[in-house]
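The block underneath contains the structure these notes are about, expressed in structure tokens.
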Amino acid sequence: MHGYSEAKDDYLVRLRRVEGQIRGLQRMVEGDEYCIDILTQVSAATKALQAVSLGLMDEHLKHCVSEAIAAGGDTATEKIKEASDAIARLVRS
């Protein structure tokens, strides 16, 4: 069971909202909307995805990483590296 399982429905709602934002962006481009308006919506969609990723990271740290640390050994080291790598990818994006 993944750490986000209890909030899975919330994440799905958020992701569907982002999906709607992306479709709206496509319509804006198709409709030759003003570029600054499109960029504003791109920024909003980006922030929404960042919020999802931060929530998932928080759940991962609380559930998967903390359990691995409690168990100790190589699994703990692997989970910490995995989380660290994921944080680095998020920071770069």
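The values are calculated or read from the model by the stated rules, or taken from the named source; none is laboratory data. The model shown is predicted, which means the values in this text are computed figures rather than measured ones. When the accessible area is computed, the model is the full protein with side chains, heavy atoms only, and any ligands, DNA or RNA have been set aside. Shrake-Rupley method; radii C 1.70, N 1.55, O 1.52, S 1.80 Å.
Among Val18, Val91, the order of accessible area from largest down is Val91, Val18, computed with a 1.4 Å probe on protein heavy atoms. Computed from backbone phi, the HN-Hα couplings of the stretch 81-93 come to 5, 4, 5, 4, 5, 5, 5, 4, 5, 5, 5, 6, 7 Hz, rounded to whole numbers (Karplus: 6.51 cos²θ - 1.76 cosθ + 1.60, θ = phi - 60°; Gly and Pro given as x). In the set (i) 12.9, 41; (ii) 17.3, 56; (iii) 13.8, 41, which value of Rg and Dmax of the Cα atoms in Å was calculated from the structure you see? Answer by label: (ii).
For n ≥ 4 DSSP H runs only, could you compute -39500 (n - 2.57) per run for the chain, divide by its residues and tell me the 222 nm figure to the nearest 500?
Numbers: 4 runs with 75 residues, N = 93.
Theoretical 222 nm ellipticity from helices: -27500 deg cm²/dmol.
Put the Cα centre of the stretch 32-93 next to the Cα centre of the stretch 6-26 and the gap is 16 Å. For the chain, carbon and sulfur atoms together expose 56% of the accessible surface, with a 1.4 angstrom probe and every protein chain in place. In order along the stretch 8-17, phi translates into HN-Hα couplings of 3, 4, 5, 5, 5, 4, 4, 5, 5, 5 Hz, rounded to whole numbers, per the Karplus curve 6.51 cos²θ - 1.76 cosθ + 1.60 with θ = phi - 60° and x for Gly and Pro. Computed from backbone phi, the HN-Hα couplings of the stretch 60-76 come to 4, 5, 5, 9, 5, 5, 5, 5, 5, 5, 4, 6, x, x, 5, 4, 4 Hz, rounded to whole numbers (Karplus: 6.51 cos²θ - 1.76 cosθ + 1.60, θ = phi - 60°; Gly and Pro given as x). Per-residue extension of 0.36 nm, minus the Cα-Cα distance of Lys47 and His63, leaves a gain of 3.3 nm for this segment.
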